[in-house]
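The values are calculated or read from the model by the stated rules, or taken from the named source; none is laboratory data. Please read all numbers here as calculations on a predicted model, not as lab measurements. Reconstructed Cβ throughout: ideal geometry from the backbone, glycine too, with neighbour counts over all protein chains shown.
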């Protein structure tokens, strides 16, 4: 007989009602799992099922994602996400926590761990370092004014964009599979079921807010990011897929910004390492998380 799934809970942050799931085992060490952009908390289900007997696992839906509230306005800022995580942990943690995070969630967890190094004991980050530095350097000659006007136009375009409606779940499933060719049919269906809502007319749409596609034009400077990375005191595992767009942080100078980091490049995996090579991911991350 299979164990029951997680329970749903809500908390408030900056007047938004945010959702998270709790996998039980409250007397065990806390392990926080943070998903990536345009994703949802149930993307961790396979990992959580494997680790729930060892940890008390909670996984939030970030603002604008899953079953959490959307922002009023169109600016989803990294530090607002960090505040949400700080609020969640303030209500659920009595001491240093272990964090596992993917993509956008990785960027959030790295910022949080740099701001509150004493509150994080282990950190697993899957492709959370952003685009390769060379990509970030390309538009450096664009003025701040041009960046902001481009951002304003982007927000205006998003305001006119209606969430896409799929006539049935299978159509949405096909879109999910096209985004990650490594996904099995079973996993793609699971992610689609938990990542969509059914509209009044019977069609399906993704749960995330289209405005999460917009990135604020004035980014945190690279030197500020590196300063936060250097403040992280806990052991940090940086994981990448060899078939992803991400570059090896050992080769681009980023690993050197950490006090205590190791890098693992996973073969035959793209951006979603924990989906594409689940067994390898679990073996490496489980060994790393052990005290």
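The set of residues in the stretch 214-256 that are surrounded by fewer than 19 Cβ atoms within 10 Å (Cβ to Cβ) and in a helix (DSSP H, G or I) comprises 222, 223, 224, 226, 227, 228, 230, 231, 255, 256. When residue 147 is tested against (1) in contact with a helix residue (DSSP H, G or I) (Cβ under 6 Å, 6 or more places away or on another chain); (2) in a helix (DSSP H, G or I); (3) at pLDDT below 95, exactly one condition is not met: (1). Considering 110, 89, 119, the condition of being modelled with pLDDT of 95 or more and farther than 29 Å from residue 206 by Cα is satisfied by 119 alone. How many of the residues making up the stretch 170-194 are over 17 Å from residue 40 (Cα atoms) and either in contact with a helix residue (DSSP H, G or I) (Cβ under 8 Å, 6 or more places away or on another chain) or in a loop (DSSP other than H, G, I, E, B) (or both)? Of the residues in the stretch 170-194, 4 are over 17 Å from residue 40 (Cα atoms) and either in contact with a helix residue (DSSP H, G or I) (Cβ under 8 Å, 6 or more places away or on another chain) or in a loop (DSSP other than H, G, I, E, B) (or both). Of the residues that make up the stretch 158-168, is at least one part of a strand (DSSP E or B), in contact with a strand residue (DSSP E or B) (Cβ under 8 Å, 6 or more places away or on another chain) and over 29 Å from residue 282 (Cβ atoms)? Yes, some residue in the stretch 158-168 is part of a strand (DSSP E or B), in contact with a strand residue (DSSP E or B) (Cβ under 8 Å, 6 or more places away or on another chain) and over 29 Å from residue 282 (Cβ atoms). Pairs meeting the criteria (first residue in the stretch 229-253 and at positive phi and modelled with pLDDT of 95 or more, second residue surrounded by 15 or more Cβ atoms within 10 Å (Cβ to Cβ) and not in a loop (DSSP other than H, G, I, E, B), beta carbons under 8 Å, at least 6 apart or on different chains) are lacking. On the given criteria, is residue 76 surrounded by fewer than 24 Cβ atoms within 10 Å (Cβ to Cβ) and under 21 Å from residue 285 (Cβ atoms)? So residue 76 does not fit the description; no.
Within the stretch 92-107, the set of residues being closer than 25 Å to residue 264 by Cβ and either modelled with pLDDT under 95 or in a strand (DSSP E or B) (or both) comprises 97, 98, 99, 100, 101, 102. The criterion of at least 1 residues that are under 19 Å from residue 272 (Cα atoms) is met by the following strands (runs of 3 or more DSSP E) wholly inside the stretch 1-87: 30-34, 56-60. Confirm whether residue 155 is modelled with pLDDT under 95, assigned to a helix (DSSP H, G or I) and in contact with a helix residue (DSSP H, G or I) (Cβ under 8 Å, 6 or more places away or on another chain). Yes, satisfied.
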